[in-house]
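**Student:** Before I ask anything, here is the structure I am working with.
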Amino acid sequence: MSNIQTLIENEFKLTTRQVEAVIKLIDEGNTIPFIARYRKEATGGIDDVTLREFDERLTYLRNLEARKLEVLESIEEQGKLTPDLREKIEAAMVLQRVEDLYKPYKKKRATRASKARDAGLEPLALIIFARKPVADTPLVLAARYTTDGGAYDTPEAALQGALDIIAEMIADDADHTEFLRNVTRKNGAIESEASDPDEKTVYEMYYAYSEPIYKIPNHRVLAINRGEKEGKLKVKVRMDVEATIAGLEKRVLVGQGAFTELLQATVADSYKRLIAPSIEREMRSELTERAEADAIKVFAKNTENLLQQRPVRNARVIAIDPGYRTGCKVAVLDEYGKLLDYTTVYPTPPKSDITGTQNKLAQYVKKHGINVIVIGNGTGSRETEEVIADFIDKTGADIRYTIVNEAGASVYSASQLASEEYPDLDVTTRGAMSLGRRLQDPLAELVKIPTQSIGVGQYQHDLNQTALKTALTNVVENVVNRVGVDLNTASASLLAYVAGISATVSKNIVTYRDENGVFTDRKQLKKVPKLGDKAFQNCVGFLRIAGGKNPLDATGVHPESYPAAQELLKRSGVKAEELARGGVSDIAQRIGNPGVLAAELGVGLPTLNDIVAELEKPGRDPRDEAPEVVFNRTVRSLEDLEPGMELIGTVRNVVDFGAFVDIGVKQDGLVHISKLSDRFVKHPSEVVSVGDNVTVWVNSIDEGRGKVSLTMVKGE
């Protein structure tokens with residue numbers, strides 16, 4: 001069997017010690033965030049993203065080895081396992097190769113070949129396939145294998161049965177299959193045509209479309225797949241069949257031999273009837289898997305950047321969920337996201353009650369000390385924004401406003417979770433609250449929404465939902481644990497993403513908090529039902545307690561390192577209570593040689609450096625380094641735009657072909673990948689990320705379709 005550890009060492013460019021340590025830590029039940037943050041000495045500082053990939057690869061290789069054992073046992077039980085076959089199976093590097101080698105020995109449903117074998121025609125097939133010169137013609141040979149009263153009662157039928165066996169032998173050959181896969185990858189093309197050429201659809205560019213398999217971009221694969229699924233497109237893999245068969249013939253019919261013409265026809269039959277349909281399915285599946293993996297990767301990266309957006313602190317918010325006939329739902333929140341007031345106003349058609357709306361806003365601003373207004377970007381957003389901008393101009397109030405992406409708000413507001421959190425509020429008020437809280441703390445609010453619904457990907461509903469959910473859950477968990485969570489204010493939804501905490505335990509934490517009051521010491525977590533020692537070890541460092549008994553509980557220092565941290569404070573002449581006042585910025589300068597100190601304290605240098613960083617800035621939030629939110633837009637509608645106009649926008653979505661940028665109008669503008677930079681860009685993520693504030697210039701405006709083309713290349 002292949003050495004899993006050696007494979008991982010080579011693939012990830014890691015040392016034997018690192019790989020052994022990570023495997024041991026994973027097998028002991030430690031979570032990836034815990035390993036990444038608190039076991040740096042063992043891993044050599046491998047980051048959480050690489051550790052996720054390591055874990056996935058380890059699982060795949062272990063499953064591969066298990067499958068090899070199953071296959072070897074099955075073939076051995078049949079008495080057909082040869083040393084050469086064993087060697088090939090043991091050397092296989094991918095699961096597909098194992099299955100190819102197992103294919104001839106796998107129990108199949110009845111086929112033309114299996115029926116011929118059952119009728120005793122395999123010896124005839126082997127004689128013909130051996131191609132040794134014989135005196136008899138094929139039909140004379142076949143006449144010896146006919147059966148009275150059966151399907152093979154004539155020489156012609158018996159010969160055809162033998163050829164069916166040969167065709168299946170060729171199709172079952174793992175090396176021939178791999179050869180044809182590679183030929184198809186290199187020379188094949190994806191072709192699509194319209195199911196109804198006269199029908200107008202969004203797939204018209206694919207009505208007569210062809211592109212090589214090796215070249216077709218992932219987003220086109222997904223678009224074609226969707227068009228096929230909706231019945232608008234017919235799709236196939238096109239090959240030069242004759243050339244491909246000729247290539248297969250050279251492999252099967254090596255050198256001179258008998259029955260050449262007969263076997264040439266059999267090779268063609270094997271390819272057309274048995275191999276080509278299977279290869280076509282595989283190529284379509286391979287392209288789809290590749291495209292989905294890429295789309296999931298892009299979606300995950302976008303989600304990560306979205307969740308890491310900077311919180312707007314000390315914002316007392318009026319959040320408005322726009323609408324027309326049913327009005328705009330309003331929720332008023334204090335700086336901690338607590339609901340203070342709510343109502344419905346009607347600034348948009350058909351009522352257009354602008355005066356009443358602005359009077360209500362003025363009342364809330366005065367009563368609750370509002371300093372920010374948040375508007376959802378859905379239906380009625382533009383008209384609502386005009387009323388808000390006019391209100392701020394007329395009153396001169398010291399208020400800023402911004403537009404927030406509504407994606408997923410309605411999903412959350414109608415969810416069981418929202419019903420449990422706010423049983424006395426209707427779904428529309430919950431939705432408005434969610435918009436306001438997205439501004440105050442994007443991470444804490446967005447974790448309540450199914451990640452597939454937050455609108456930062458492409459074709460997310462067409463993807464493998466299990467793989468997508470796994471990838472996005474990993475991303476959310478990584479971000480939550482990088483940022484840290486306030487143990488006394490976090491919702492059960494947020495706590496459930498902390499390393500080592502299950503959904504059940506997260507609810508138990510909230511219940512314990514409700515019944516016993518706020519946590520004052522991290523050790524109290526051990527009293528929470530079902531939170532055992534291993535879970536405590538994994539989660540405790542990511543949970544913060546502000547104003548607790550031990551100032552270190554407000555930091556990312558793990559309790560296992562408290563003795564070292566306390567000794568470090570002592571040697572630095574810093575009192576623990578100074579941490580509660582914002583930390584001490586020059587601890588690193590006070591400790592002398594960190595390597596010597598680490599050895600004296602009995603910790604590794606990476607752990608010492610992390611402790612110092614936490615003590616200098618306890619409870620620091622890495623999101624504070626993210627771009628600031630853009631307030632008070634200069635344009636509000638397509639009519640305000642002109643070609644060449646320079647604007648500041650916020651990147652809302654990054655996809656394979658470009659980036660969508662919010663510039664203040666209803667629809668985000670598209671910066672095509674070719675317009676992102678004056679240099680070649682392989683993927684938009686090289687240049688921009690979700691949440692970035694970018695300078696763009698208007699290229700063109702299509703008012704009829706409501707689309708805006710932008711560029712990030714000045715003067716183009």
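**Student:** Enumerate the calculated ³J(HN,Hα) couplings along the stretch 153-158 in order (Karplus 6.51 cos²θ - 1.76 cosθ + 1.60, θ = phi - 60°), each rounded to whole Hz, writing x wherever the residue is Gly or Pro.
**Tutor:** Residue by residue, the stretch 153-158 yields 8, 10, x, 4, 5, 5 Hz.
**Student:** How much net charge surrounds Tyr512 when only other residues with a Cβ under 14 Å from its Cβ are counted (Lys, Arg +1; Asp, Glu -1)?
**Tutor:** Details: positive: Lys507, Arg513, Arg522, Lys523, Lys526, Lys527, Lys530; negative: Asp514, Glu515, Asp521.
Combined, the nearby Lys, Arg, Asp and Glu give +4.
**Student:** Using a basic spin-label model with each label point 7 Å from the Cα along Cα→Cβ, how many nm lie between Ala66 and Lys80?
**Tutor:** Each label point is offset 7 Å from its Cα along the Cβ direction, giving 2.5 nm.
**Student:** For the chain, what size does the Cα cloud have along each of its three principal axes, sorted from largest down, in whole Å?
**Tutor:** The Cα atoms of the chain stretch 106, 72, 51 Å along the principal axes, largest first.
**Student:** Another question, if that's okay. Just the Kirkwood number for the stretch 317-440, please: inverse of mean 1/r across all distinct Cα pairs, in Å, one decimal. Mind showing how you got there, number by number?
**Tutor:** Numbers: mean 1/r = 0.0706 Å⁻¹.
14.2 Å is the Kirkwood radius here.
**Student:** Please list the radius of gyration and Dmax for the stretch 510-625, considering alpha-carbon atoms only, with Å as the unit.
**Tutor:** Calculated on Cα positions, Rg and Dmax stand at 15.0, 47 Å.
**Student:** May I pose another question? For Lys80, which lysines qualify as cross-link partners when the Cα separation must be under 25 Å and same-chain residues fewer than eight apart are set aside?
**Tutor:** Within the straight-line cut-off, Lys80 pairs with Lys68, Lys88, Lys103, Lys106, Lys107, Lys108, Lys115, Lys132.
**Student:** Let me ask you something else. What's the extension gain from Arg238 to Glu515 if we count 0.36 nm per residue and subtract their Cα-Cα distance?
**Tutor:** On the way: separation 277, 0.36 × 277 = 99.72 nm, distance 6.70 nm.
Gain in length upon complete extension: 93.0 nm.
**Student:** In terms of modelled amide H atoms, which long-range or inter-chain residues lie less than 5 Å from the amide H of Asn699?
**Tutor:** Gly644, Ser709, Leu710, Thr711
**Student:** Let me ask you something else. Give me the Kirkwood hydrodynamic radius of the stretch 203-256 in Å, from all C-alpha pairs, to one decimal place?
**Tutor:** Values: mean 1/r = 0.0739 Å⁻¹.
Roughly 13.5 Å, rounded to one decimal.
**Student:** If each DSSP helix of 4+ residues adds -39,500 (n - 2.57) and the sum is divided by the residues in the chain, what number results at 222 nm, nearest 500 deg cm²/dmol? Mind dumping the intermediate values first?
**Tutor:** Working: 30 runs with 338 residues, N = 716.
For the chain, the value works out to -14500 deg cm²/dmol.
**Student:** What is the local net charge at Thr429, summed over the other residues whose Cβ is closer than 10 Å to its Cβ (Lys, Arg +1; Asp, Glu -1)? Before the final figure, lay out the partial values.
**Tutor:** Working: positive: Lys329, Arg430; negative: Asp321, Asp424, Asp426.
Once all neighbours under 10 Å are counted, the net charge is -1.
**Student:** In the neighborhood of Ile591, defined by Cβ-to-Cβ distances under 12 Å, what is the net charge if each Lys or Arg adds +1 and each Asp or Glu adds -1?
**Tutor:** On the way: positive: Lys570, Arg571, Arg590; negative: Glu567, Asp586, Glu600, Glu616.
Result for the local shell: -1.
**Student:** Taking the highest mean first, how do the peptides 427-438, 637-648 order by number of other beta carbon atoms within 10 angstrom per residue?
**Tutor:** Working: 427-438: 25.3, 637-648: 13.8.
The packing order, highest mean first, is 427-438, 637-648.
**Student:** Okay, moving on. Just need the Rg to Rh number for the stretch 112-296, please, alpha carbons only, Kirkwood Rh.
**Tutor:** Working: Rg = 21.0 Å, Rh = 18.7 Å.
Expressed as Rg/Rh, it is 1.12.
None of the figures in this text is laboratory data; all of them are computed from the coordinates on show. Source: prediction; values computed, not measured. Here the Cβ is made from the backbone with ideal geometry for all residues, glycine too, and neighbour counts use every protein chain on show.
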